[in-house]
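Trainee: If you scroll down you'll find the structure; I have some questions about it.
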Amino acid sequence: MTKPIIEVKNLAKSFGKNEVLKDITEQVDSGQVIVVIGPSGGGKSTFLRCLNLLETPTSGEVDFDGENLTTLDTKRVNELREEMGMVFQGFNLFPNMTVLENIKLAPMKVKGINDAAATKRAHELLKQVNLDDHADAFPSSLSGGQAQRVAIARALAMDPKVMLFDEPTSALDPEMVGEVLNVMQELANQGMTMVVVTHEMGFAKSVADRVWFMADGYIQENNTPEAFFDNPQTERAQDFLSKILM
Amino acid sequence: MKKRLVLFFALVLALVTGFTTMTATTANAATDTSLSKVQKKGTLVMGTSPDYPPYEFQATVHGKTKIVGMDVAVGEKIAKDMGVKLVVKSMSFDSLLVALQTGKVDMVISGMNPTPARRKNVDFTHTYYQGGYSIVINKSDKGIYKNKDSFVNKTIGAQTGSTMYNESKKQTSGTTVKGMTSVSDLILALQSHKIQGVAMEKPSAQAYVANNKELAAIPSDFNLSASDTSASVAFKKGSTALVTAANKSVDQIKKQNLVNKTYLPAAGKYLKTNTVNTSMFHYWKAFLTGIEYTLIITVCSVFFGFIIGVILALARMGQGGAVKTGLRWLATAYVEFIRGTPMMVQVMFVYFGLGLIVNLPALTSGIIAISLNSGAYVAEYIRGGINSVDDGQTEAARSLGMSSGLSMRYVILPQALKNIWPSLGNEFITLIKDSSIVSIIGVSELIFQSNIVRSDTYRGVAPIAVIMVLYFILTFTASRILNYFERRMQHD
Ligand SMILES: Nc1ncnc2c1ncn2[C@@H]1O[C@H](COP(=O)(O)OP(=O)(O)O)[C@@H](O)[C@H]1O
Ligand SMILES: [Mg+2]
């Protein structure tokens, strides 16, 4: 078996007295698509943000590609973040830059790639997300679905090994959800390692290799989508699914 | 004699005296090298406040503005007798003694009378001129007023804090004494019948009367001691050699009656040529210089103030670590301190206080002080601007592998700046107006220039109207330009 690309060991995170993550030990293998589901407020976002150290764990460790992130200096953490793209619920595009500039900024400033090469790569990525005709648009003129696809292209521009998605379609109008999920599905087909927090059960069923059910600060279940949806083991998950699938 | 000493000028003086006596007494004790120092550098720098004709004032000579007057003639004689060149440096009267103590000038000749209080801080030569006081009235009132006692139930004006102001209060009864900062303003008040007489020095009174047909002078008949009506040259305390040398010249001036025979008539001639043409257009060069300096000060201060502001804002927002906490504390203290003290005091502190360590020209000092001041305000705008940018922006940047520095520079600051652009624009426009404060240390910006034009032309209102319009043109143009850039930044 290949070495896992992400290993989480006894991860815990508290905000003051609020123990959001209590004790999480899981791993993600290279090329796997993990879908994390669970009730709102269960700590899914916090968990995802601990993976690239946007949130500092209270205890436990997060290993990425064999390196324990919690012991590294800021510079090395910055370097490893390049290899973990992140897509947010609210897109977080840079409103003062065009679509193209949004995508080119980090490759040029962080990796030192020259303008021509960065531009070329940005156009390739925009084609991949079907938005090359919007290269010179400003984010404010984009629909939610378009903005999220640009955000995905922007994250991909750093050539990450892993992509983290935090409810990428939750802020979208229903008719735009499909275009974003399609892009994600394609990405999965290409073999990208992905950790996706979502409420899109259809996506989970068809794309995920594993489903992690998270509630009350623990991963309550870790199973294949078929097993999880057809035969959830815990009462917590049964309860959650009955509410969601009604 | 002029004796204006606003309270905090006195304080600054006291402070500076404290510093200098602490540092200088040991040096002076051995041998006095003051004269040889001046002779070595070949120049004698005279400080004066050129708004007091015929003692000292600005005149246009062959198209160039120049400081002239009987005091300049005295200074020239002293310099010549020492075998060096005279350099005249102008600044407000209140700043003169501080400038002397901080080494900005070698001597002060500015119609200054050697009062016991001043003798504590500086050394005076013998008296070179014995003046007296007159009261200037409207010519139409000539039959009504005879001397100081004729103003019962009337109002006499005098320069605030001057000997005349104090004596008018003491030596009249039933008379209201109105104080104003400048003689030009007093004359204006006189002509608009807000006051009935202006007490001032005899030569000045003569100059005003000679240049304005509406005015007349009457004797004041005040009871005064000699030291209140005499003028002396001031040197830095302890420079005995310089005083001794200057006294030789002063004694000659006295003996040959040079002031009355030569200097005053010569000054009078400048006054005449000076006031032939009192149209504001004739002084366009003076105003242009004013605009130039106002803009230089404003633009430089905005530039450096902005840089200082960014640094302070970042320091104030630093989190964690002892160093960052220390910096945050320092930056906060700095901002609070600057915002809690008047800009005028800061300007004087930089010019005179910092002047003890490095000798900075007035313009540089002004720019430094205003930049330091503006930086504190800009820092607060920037901090607000940074806080107004959504946290998601930082997270997106950091998730792409950008360091906190890169995120700040390329993602957060540009957005913060856009948000605070209107506030920064306001700061720029405020600075155009507030830069006028540096006039007190003698920088030729608009206010300073307008005061000179006022004392040159004996016209009180016209120069004010001119700079009012000029300031408006400056601020209006600036706000148009800023609006243009604001519109260009609106992408969303
Ligand atoms: N920065 C923070 N400071 C304090 N509490 C937080 C912070 N971020 C999240 N939390 C708390 O952590 C809990 C889990 O939040 P979150 O991870 O966003 O859950 P989910 O994404 O599953 O809805 C919530 O109770 C939330 O209030
Ligand atoms: Mg969430």
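Trainee: What is the mean projected area of the alpha carbon convex hull for the protein assembly as shown, to one decimal in square nanometres?
Mentor: Projected area, direction-averaged: 44.2 nm².
Trainee: Treat the count of other C-beta atoms within 10 Å as a stand-in for reagent exposure and order A:199, A:134 from fewest to most.
Mentor: With the sparsest Cβ surroundings first, the list reads A:199, A:134.
Trainee: From the phi of every residue in the range A:77-83, what ³J(HN,Hα) in whole Hz does the Karplus formula 6.51 cos²θ - 1.76 cosθ + 1.60 yield, where θ is phi - 60° and glycine or proline is x?
Mentor: Coupling constants for the range A:77-83: 4, 4, 5, 6, 5, 4, 8 Hz.
Trainee: Other chains near A:94-100: what is the mean number of their Cβ atoms within 10 Å of each residue's Cβ?
Mentor: Shielding by partners across A:94-100 averages 5.
Trainee: Another one. Which of B:231, B:159, B:290 sits farthest toward the positive end of the charge dipole of chain B, with +1 on the Cβ of Lys and Arg and -1 on the Cβ of Asp and Glu?
Mentor: B:231
Trainee: Would you work out if chain B is rounded, prolate or oblate? Take a ≥ b ≥ c from the square roots of the eigenvalues of the alpha-carbon gyration tensor; rounded if a/c is under 1.5, else prolate when a/b is larger than b/c, oblate otherwise.
Mentor: Prolate shape, in that a/c is at least 1.5 and a/b is the bigger ratio.
Trainee: For labels at residue A:189 and residue B:41 in the simple 7 Å Cα→Cβ model, what's the distance in nm?
Mentor: Each label point is offset 7 Å from its Cα along the Cβ direction, giving 8.3 nm.
Trainee: For peptide B:400-409, compute the average count of partner chain beta-carbon atoms within 10 Å of each residue's beta-carbon.
Mentor: Taking all residues of B:400-409 together, the mean is 6.
Trainee: Hey, another quick one. Could you work out the helix-only [θ] at 222 nm for chain A, with each DSSP H run of four or more residues adding -39,500 (n - 2.57) and the total divided by the number of residues, to the nearest 500 deg cm²/dmol?
Mentor: It lands at -11500 deg cm²/dmol.
Trainee: Sticking with this one: Counting only other chains, what is the mean number of Cβ atoms within 10 angstrom of the Cβ of each residue in peptide A:156-164?
Mentor: Per-residue shielding by partner chains comes out at 1.
Trainee: Could you order peptides A:217-223, B:292-298 by the average number of other Cβ atoms within 10 Å of their residues, highest first?
Mentor: B:292-298, A:217-223
Trainee: Something else: Output the Kirkwood hydrodynamic radius of chain A, Cα pairs only, in Å rounded to one decimal.
Mentor: 18.6 Å
Trainee: Counting other beta carbons within 10 Å of each Cβ, put B:77, A:243 in order, fewest first.
Mentor: Starting with the residue having the fewest Cβ neighbours, the order is A:243, B:77.
Trainee: Also: Fewest to most neighbouring Cβ within 10 Å: what's the order for A:98, B:33?
Mentor: B:33, A:98
Trainee: Also, I was wondering about something else. Assign one of three labels to the range B:208-306, namely rounded, prolate or oblate, based on the Cα gyration tensor with a ≥ b ≥ c the square roots of its eigenvalues; rounded applies when a/c is under 1.5, prolate when it is not and a/b is larger than b/c, and oblate otherwise.
Mentor: In terms of gyration-tensor shape, oblate.
Trainee: Moving on to the next point. Using only the Cα atoms of the range A:1-91, build the gyration tensor, take square roots of its eigenvalues as a ≥ b ≥ c, and label the shape rounded, prolate or oblate: rounded if a/c is under 1.5, else prolate if a/b is larger than b/c, else oblate.
Mentor: Rounded is the answer for the range A:1-91, as its axis ratio a/c remains below 1.5.
The numbers here are math on the coordinates, done by the rules we state, and not lab data. None of these values were measured; they are calculated from a predicted model. All Cβ positions, even for glycine, are placed from backbone atoms using ideal geometry, and neighbour counts span all protein chains on display.
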